[in-house]
Amino acid sequence: MSIFQEALSTAFLLILQRDADLMEIIGLSMQVSLTALFIACVLGLPLGALMGSREFRFKQSLRGIFNALMGVPPVVVGLIVYLNLSRSGLFGALELLYTPTAMIIAQVILILPIIAALSSQILEDLHEEYRDLFSSLVVPPHKALLAYIIDARYSLLTIILAGFGRAISEVGAVMIVGGNIDHLTRVMTTAIALETSKGELALALALGIILLLLALLVNFAAQQFKSFQTVQRYGGGR
Amino acid sequence: MRCALLPIQIDRLWLKARHKPLLRDISVTIKGDGITVIMGPNGAGKSLFIRCLHGLSQPDSGAINFAGTPLNSDIRQRQALMFQKPILLKRTVQQNLAFVQSLRADILMADIERVLEQVGLRHLAKQPVKQLSGGEQQRLALARALLLRPEMLFLDEACANLDPASVGQIESVLLEASNRGQKIILITHDIAQAKRLADDIVFLHHGQLWEHSPADRFFTRPASEQAQAYLDGQILI
């Protein structure tokens, strides 16, 4: 049996048996990544809207920083968070190192720039398009902002999915700040890295397949949501 | 019923971009009800001129008064502007109008139905705007403008690139609005349309006002050589 066949059968077996360890790892992976995504959206979308629709001092510098941070290596983020959360670090007293919270912090830092920078670009394009209309209609700023978010919802959803993809697939930072501790901070990516290093390639590949399926499932759900919304709003088309 | 925003007094209006004057010392008083048509070759400053009248562009100097009051937020809310390329929200026809309704407490659902009927779009109320033709989009923009019940309606080449049926429909709605006492200020390059609609003509060239005359006189005996050349279809430099 080839390693891929073995991996596939191992993956299906693990899923069908609802293996307790696997379920725990999947649960923690989703919990950490979705929490990080939620926080990054709460912070990043208003920030993106601000950068996209308002003029203020240092706006271009702020945008440049976020653009640059989109490409920052996860291990560097992990290292910085590690230094700050370690006992001698700035936030050492909080004793967050090697906890899921530390992993969430690292992931928020990783995906916040993606959410803020990309949403700012999309909302800026929309702002350019609507500017004269909203000025002509004397639309109050809060209503304009809401209109931008509503009309850009599908593009924003794509950005949110990109953020989720970055979070769920990330390994370097969560390994450094989480420590890959069994039953505490072990997530799918760190488990894959561990199993690979142990030579358990079939199990590592099985975990990889499950991770891939999870990512596809989330994207599929988002796509279904979009289609449902379109049908709800516009009916069956002209 | 006379438009309460008249007369429009424009005094020594200047607007420059990168030190290049785009509007030069324009002084004109538009007193009459009905339809004023702004004409002139490309680059004459026509769009910029009505953007200034609607407060979308700020002149460098000069004064614009509506019935003796400088342009302010209240006056702007009593105006509406139809752009050459309609700017529509990425929603359905009805939702575009509902957005305007959300801005003004006095607009009712029945008003939305009425303006949709008026511009012949009632059967497309649930369609997303991206599925509308150019003419339908422009009629939706007109419906949105009418929904605001503006005392003064500006149209920036709103009928450009439309088929004769759509132009005819928009023109009949404009004439109805004008007969109800709404002041219409319209930019067009279509001389036949100007002849059909205009009560008076403002002629601009190179950002300067060359002529403001009643329509019949403008088309039979224009006062400026530039206007005559424009009407003769000559290229103005």
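Using bins of 10 Å that start at zero, the share of Cα-Cα pairs per bin across the stretch B:1-124 amounts to 10, 34, 31, 21, 4, in whole %.
Expressed as a whole percent, the proportion of Cα-Cα pairs in the stretch B:113-237 lying more than 22 Å apart is 42%.
Normalising by residue count, the protein assembly as shown has a Cα convex hull of 210 Å³ per residue. Between amide H atoms placed 1.01 Å from N, distances below 5 Å from B:PHE154 occur with B:ALA80, B:LEU81, B:MET82, B:ILE185, all of them 5 or more places distant or on a separate chain. With Cα atoms defining each centre, the stretch A:24-90 and the stretch A:105-129 are spaced 10 Å apart in the structure. Over all pairs of different C-alpha atoms in the stretch A:1-135, the reciprocal of the mean inverse distance, the Kirkwood hydrodynamic radius, equals 17.8 Å. Remark: the B:GLU117-B:ALA67 segment gains 14.7 nm on full extension, using 0.36 nm per residue and subtracting the alpha carbon distance.
So which of B:LYS16/B:LYS130; B:LYS130/B:LYS183; B:LYS85/B:LYS126 end up more than 32 Å apart by C-alpha?
Values: B:LYS16/B:LYS130 36 Å; B:LYS130/B:LYS183 30 Å; B:LYS85/B:LYS126 22 Å.
Over 32 Å apart, Cα to Cα: B:LYS16/B:LYS130.
Here A:LYS59 is the anchor, and the lysines within straight C-alpha reach of less than 26 Å, apart from those fewer than 8 places off in the same chain, are A:LYS143. In terms of surrounding Cβ atoms within a 10 Å radius of their Cβ, B:ILE50, A:ILE65 rank from fewest to most as A:ILE65, B:ILE50.
Averaged over its residues, how many other protein chain Cβ atoms are within 10 Å of peptide A:141-152's Cβ atoms?
On the way: counts 0, 0, 3, 0, 0, 1, 5, 0, 0, 5, 5, 1.
Across A:141-152, the average partner-chain Cβ count within 10 Å equals 2.
What whole number of Å gives the distance from the Cα centroid of the stretch A:130-152 to the Cα centroid of the stretch B:74-127? Taking the Cα centre of each part, the stretch B:74-127 and the stretch A:130-152 sit 14 Å apart. In chain B the Cα-Cα distances spread across 10 Å bins starting at 0 as 8, 32, 36, 20, 5, 0 percent of all pairs. Phi angles of the stretch A:165-179 translate, via the Karplus equation with coefficients 6.51, -1.76, 1.60 and θ = phi - 60°, into HN-Hα couplings of x, 4, 5, 5, 9, 6, 10, x, 5, 5, 5, 5, 8, x, x Hz per residue; Gly and Pro are given as x. Model label sites at B:GLN228 and B:ASP199, defined 7 Å from Cα along the beta-carbon direction, differ in position by 2.9 nm. Per-residue 3J(HN,Hα) values for the stretch B:133-140, derived from phi via the Karplus relation 6.51 cos²θ - 1.76 cosθ + 1.60 with θ = phi - 60°, read 6, x, x, 5, 5, 5, 5, 5 Hz in sequence order (x marks Gly and Pro). Seen from A:LEU62, the other residues with C-beta closer than 15 Å to its C-beta sum to a net charge of +2, counting Lys and Arg as +1 and Asp and Glu as -1. If R0 is taken as 22 Å, the Cβ-Cβ distance between A:GLN223 and A:ALA162 corresponds to a FRET efficiency of 0.95.
All of the numbers you see were taken from the coordinates with simple rules; none came from a lab. What you are looking at is a predicted structure, and each value in this text was computed from that prediction instead of being measured. Glycine gets a Cβ as well: all are built from the backbone with ideal geometry, and neighbour counts include every protein chain shown.
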